[in-house]
1. Kindly indicate whether residue 64 is β-branched (Val, Ile, Thr) and in contact with a Gly (Cβ under 9 Å, 6 or more places away or on another chain).
2. If you go through the range 60-81 one residue at a time, how many are part of a helix (DSSP H, G or I) and either more than 19 Å from the chain's Cα centre (by Cα) or of a type in the set (Asp, Glu) (or both)?
3. Taking the range 91-115 only, how many residues are of a type outside the set (Ser, Thr, Tyr) and either buried (at least 17 other Cβ atoms within 10 Å of the Cβ) or under 13 Å from residue 37 (Cβ atoms) (or both)?
4. Report every pair of residues separated by at least 6 positions or lying on different chains whose Cβ atoms are under 6 Å apart, first residue within the range 125-151 and within 15 Å of residue 103 (Cβ to Cβ) and at pLDDT 95 or above, second of a type in the set (Gly, Ala, Ser) and outside any helix (DSSP H, G or I).
5. Might you let me know whether the range 59-67 holds any residue that is under 22 Å from residue 118 (Cβ atoms), at pLDDT below 85 and out of contact with any His (no Cβ under 6 Å at 6 or more places or on another chain)?
6. Do we have residue 57 as surrounded by fewer than 13 Cβ atoms within 10 Å (Cβ to Cβ) and either part of a loop (DSSP other than H, G, I, E, B) or within 10 Å of the chain's Cα centre (by Cα) (or both) here?
7. Kindly list, by first and then second residue, each pair from a residue in the range 84-112 that is within 26 Å of residue 128 (Cβ to Cβ) and among the acidic types (Asp, Glu) to a residue that is buried (at least 20 other Cβ atoms within 10 Å of the Cβ) and at pLDDT 95 or above, limited to pairs with Cβ atoms under 7 Å and residues at least 6 apart or on different chains.
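The values are calculated or read from the model by the stated rules, or taken from the named source; none is laboratory data. Owing to the predicted nature of the structure, the values given are computational and were not obtained by experimental measurement. Positions of Cβ are generated from backbone atoms using ideal geometry, with glycine treated the same way; all protein chains shown enter the neighbour counts.
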Amino acid sequence: MKLTIGAVACARRPVLDCAERLKKGFQRCDDPRPSRLGAALIRLVKKSIPPSYRYDRGGKLRLISSSFRFEGVLDRSFNQIRQAAASEVAVTIRLLETLATIAGVVERPERKEAIRRQGDMIKRAGDRFVAEKLDQKDNLERYRSLKRILDAD
């Protein structure tokens, strides 16, 4: 599969649909697929993103293309899901687990910081919107696991 922003967006859509169903009061969502989203982002981490400016052999600028950065793709992938499912423990746990999986392959500091920022936002949303103490504990355990991975160097 060729990795494109569209591939990441396609991986994100079922997770967002699940979050929206949960938000509307459905009791369950059996297939949120954050693992697909994580897999797409891991493929992105392993690829080198081509530069926006392309030059010919003589050094003359020939093409300016739109480019993307991992950090922006991560934000677009997780923000809507986090916002739609902030009070849904099952979704926030899977988001934190997915971030931990991605964090395990990321090496660049700016990418780790983007993952940390998403994890922090998910944790804060859980603190605000999840009333059950045991659910908060589950979120906190996943968050701490993510932090351990990010801090390991």
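1. So residue 64 does not fit the description; no.
2. Pass one, the range 60-81, residues part of a helix (DSSP H, G or I): 70-81.
So of that shortlist, the ones also either more than 19 Å from the chain's Cα centre (by Cα) or of a type in the set (Asp, Glu) (or both) come out as 71, 75.
Result for the range 60-81: 2.
3. 15
4. 149/104
5. Residues of the range 59-67 under 22 Å from residue 118 (Cβ atoms): 67.
Add one more test, that the residue is at pLDDT below 85, and what stays is 67.
With out of contact with any His (no Cβ under 6 Å at 6 or more places or on another chain) added as a condition, the list becomes 67.
Yes, the range 59-67 has at least one match.
6. Working: surrounded by fewer than 13 Cβ atoms within 10 Å (Cβ to Cβ): yes; either part of a loop (DSSP other than H, G, I, E, B) or within 10 Å of the chain's Cα centre (by Cα) (or both): yes.
In short, yes.
7. Once the first residue is within 26 Å of residue 128 (Cβ to Cβ) and among the acidic types (Asp, Glu) and sits in the range 84-112, its partners that are buried (at least 20 other Cβ atoms within 10 Å of the Cβ) and at pLDDT 95 or above give 97/142.
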